[in-house]
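Rule-based calculations on the coordinates, nothing more; no lab input. From a predicted model like this one, the values you see are computed outputs, not experimental measurements. Quick reminder, even Gly has a Cβ in these numbers, built from the backbone with ideal geometry, and neighbours come from all protein chains shown.
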Amino acid sequence: MRNSVSKTKSVAIYQLKITLEHIRPPIWRRVQVPGAVLLPHLHRLIQTVMGWEDMHMHGFRVGTIAYGQPDPELDDWMQDERRVRLSQIAPDEKSRFRYEYDFGDDWHHLVVVEKIAPVERGKIYPVCLAGKRACPPEDCGGPWGYSEFLEALSNSEHEQHEELLEWIGGEFDPEAFDVAEVNEEIRARILQGP
């Protein structure tokens, strides 16, 4: 009986809320993804919906267990993610785990399973349902550096204002989020393959 329940969950659709920690107001995304998705594919999805560029190492943390890409330097504390499915690390509604990105800047994302539901006929997964606020730029120094970055951008008298504007490409709107654009990125980067 237990085996059939876990099989059902692996083919079910998981609705996840992904929230970037230590940022206020929050930056978050709500997605639906099959429970059978392998962690490397979940990593690509999180990168896509959040707006990251996949330039750094990542890991998933479930309690005291960490999963990530095989790396001889990390074998002591990180297990290989390649054969682990979402349904294995988050078996139930309200399950939670962390996705960590860029071990230097330390971007921590809390991932919560909001619900587990049957596949909807005709719907294409994964899909982003909603979200709030723009992803911070890569290499801006983590949550604390991002706060300083926003402060400098909002104050034209700040000594780094012009330098950071040039670095970011002329403009940055921290409130920007467009679910249709995110789903186009999912179609281009996830559904069409690399």
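Structure notes:
- Compactness of the chain was expressed as the Cα radius of gyration divided by 2.2 N^0.38 Å, which yields 1.09.
- Theoretical FRET efficiency, 1/(1+(r/R0)^6), r = Cβ-Cβ of K115 and E184, R0 22 Å, to 0.05: 0.30
- Nearby aspartates and glutamates by direct alpha-carbon distance to K94 (threshold 14 angstrom, same-chain neighbours under 8 apart not counted): E114
- Here the gap between M55 and A176, fully extended at 0.36 nm per residue and compared with their Cα-Cα distance, gives a gain of 41.4 nm.
- Distance from the alpha carbon centroid of the range 86-142 to that of the range 10-72 works out to 4 angstrom.
- Full extension of the segment from E93 to D80, taken as 0.36 nm per residue of separation minus the current Cα-Cα distance, would add 2.2 nm.
- Placing pseudo-labels 7 Å out from each Cα toward the beta carbon at L150 and E21 gives an inter-label distance of 1.8 nm.
- Here is what passes the span test in the chain: the DSSP H helices with alpha carbon length of 15 Å or more along the helix axis and a Kyte-Doolittle mean of -1.0 or above are 39-50, 142-154.
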